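The values are calculated or read from the model by the stated rules, or taken from the named source; none is laboratory data. Keep in mind that this is a model prediction, so the values were computed, not measured. Backbone-built Cβ (ideal geometry, glycine too); neighbour counts: all protein chains shown. All accessible areas refer to the heavy atoms of the entire protein, side chains included, with ligands and DNA or RNA removed. Shrake-Rupley method; radii C 1.70, N 1.55, O 1.52, S 1.80 Å.
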Amino acid sequence: MPDVVVSQLKKEFGGNTVLHEVSLTIKDGEFFTLLGPSGCGKSTTLSCLAGLEKPTSGVISIGEETFFDGERNKFVPPEARNLGMVFQSYALWPHMTLAQNLAMPLKLRKVPKGEQQTLIHDALDKVGMAHLADRYPHQLSGGQQQRVALARALVYSPRVLLLDEPLSNLDAKLREQARVWLKRLQSELGITTIYVTHDQEEALAMSDRIAVMSSGHLLQVGSPEDIYERPATAEVAAFIGRSNFIDGTIRSVVEGKARVVVEDATAEFEVHADRGFAAGDAVTVAFRPERATLVDASAAAPDASVLLPGDILATAYVGSRVEYTVRFGKRTLLVDHYRGGFTGPVNVALPEDAVRLYPRTDVVPEDVEELMAVTV
């Protein structure tokens, strides 16, 4: 199948802009995820692709076929786009059997009756539900209903599959199983899939690439590893996984190395600066809790580029690791460690590649700021 291309997509509701000129290219056969918090614009983007919402401006196309062009006033209705969609609620007709649910989109497309039974059986077989074709939705578990909804979206061989948080109604264990099964099915079918979720773990586990959105803006597009290991902004670092954030100021930059003075604490260190920082710039220093190591303050420091002196405030044993809360100046730091037993003064040690610098103007969500702040 050809690529899906979204160019300068804008959507307004009552004068309020909910999508700000979003541009994306989704490759043929790719599992592409739109990720972000509630209200970020991800479901609106999906609805525009499906034709359920008409954008204010921009262009949407698949290959040579254009579905929407604001300048040319072209809008292809959803039934003419040949896209499959699975909604969060599944939207199965309760008074129809599974086979009858799958027959509906085929009837609307005027598929001959002789072909319908074959297509219905094949679609249900793909999701492991062919033996339950005569049952009604209320006779199925949530996971089974989710599979039927997916089969209905696949029954007419759509060019692209659109999934709007299809696993959100499942419990945690079943959701974990479902995402493995869904990713395997998508890989086997080779169908281009655009997936909407607010669950970062789900996005990291299933996606070929991820687009992180916030307040209608596209913040970053990349592989799961890129998004997690190399977040483009402090906001992405805050939303994907957990991160520590510290305020600092650039003292000097020499040959790509920035010397950072940390505010509200007696700490100074040198790290790689991959942006055009200059002396005097206010920065946000970020690092993941699992990249840090704790060292007793009285012990010899390891070969680490960054040492942050602090005091243990709290300890939580969570099975595979111990989570420490460390007071550092007027902030708290979260550190994951493989063993317990640390108390009192410690050093938080970090390798240089664990630390990222962002302009202080980058947004860090308020709830993260509140979590990291502490009254001393």
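The table below lists the values:
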| item | result |
| --- | --- |
| Members of region 119-136 found to be surrounded by 13 or more Cβ atoms within 10 Å (Cβ to Cβ) and in a helix (DSSP H, G or I), listed by number | Leu119, Ile120, His121, Asp122, Ala123, Leu124, Asp125, Lys126, Ala130, Leu132 |
| Cross-chain or 6+ apart pairs with Cβ under 9 Å, region 338-361 first and among the hydrophobic types (A, V, I, L, M, F, W, C), then open to solvent by 80 Å² or more (accessible area, probe 1.4 Å) and in a strand (DSSP E or B) | Phe342/Thr315; Val355/His272; Leu357/His272 |
| Which listed residue, of Gly344, Gly319, is in contact with a strand residue (DSSP E or B) (Cβ under 9 Å, 6 or more places away or on another chain), at positive phi and among the small types (Gly, Ala, Ser) | Gly344 |
| Unique residue being closer than 17 Å to Arg159 by Cα and hydroxyl-bearing (Ser, Thr, Tyr) when the list is Thr56, Thr45, Thr66, Thr17 | Thr66 |
| Complete set of residues in region 1-20 that are over 22 Å from the mean Cα position of the chain (by Cα) and either assigned to a strand (DSSP E or B) or closer than 10 Å to Ser57 by Cα (or both) | Glu12, Phe13, Asn16 |
| Matching residues, region 207-247, being in contact with a Ser or Thr (Cβ under 8 Å, 6 or more places away or on another chain), part of a strand (DSSP E or B), open to solvent by 20 Å² or more (accessible area, probe 1.4 Å) and farther than 21 Å from Val306 by Cβ | Arg209, Leu218, Leu219, Gln220 |
| Top-ranked residue in region 186-206 [being among the hydrophobic types (A, V, I, L, M, F, W, C) and open to solvent by 10 Å² or more (accessible area, probe 1.4 Å); ranked as farthest from Arg147 (Cα to Cα)] | Leu204 |
| Count - residues of region 166-178 that are open to solvent by 20 Å² or more (accessible area, probe 1.4 Å) and closer than 19 Å to Gly84 by Cα | 1 |
| Residue that is nearest to Arg209 (Cα to Cα) [pool: residues in region 156-185 that are in a helix (DSSP H, G or I) and either touching a residue at least 40 places away in the same chain (Cβ under 8 Å) or of a type in the set (Phe, Trp, Tyr) (or both)] | Lys183 |
| All strands (runs of 3 or more DSSP E) inside region 295-360 with 2 or more residues being open to solvent by less than 50 Å² (accessible area, probe 1.4 Å), of a type outside the set (A, V, I, L, M, F, W, C) and at pLDDT 90 or above | 322-328, 331-337, 356-359 |
| Looking only at region 21-61, and only at residues there that are part of a strand (DSSP E or B) and of a type in the set (S, T, N, Q), the one that is surrounded by the most Cβ atoms within 10 Å (Cβ to Cβ) | Thr33 |
| Any hit, region 283-292, residues being open to solvent by 60 Å² or more (accessible area, probe 1.4 Å) and under 26 Å from Ala211 (Cα atoms) | yes |
| Test result for Ala265, open to solvent by 50 Å² or more (accessible area, probe 1.4 Å) and outside any strand (DSSP E or B) | no |
| Candidates Gln139, Gln116 - the one that is over 15 Å from Gln88 (Cα atoms) and open to solvent by less than 40 Å² (accessible area, probe 1.4 Å) | Gln116 |
| So Ala91, is it surrounded by fewer than 16 Cβ atoms within 10 Å (Cβ to Cβ) and closer than 30 Å to Arg135 by Cα | yes |
| Residue check, Arg259 among the charged types (D, E, K, R) and closer than 20 Å to Gly29 by Cα | no |
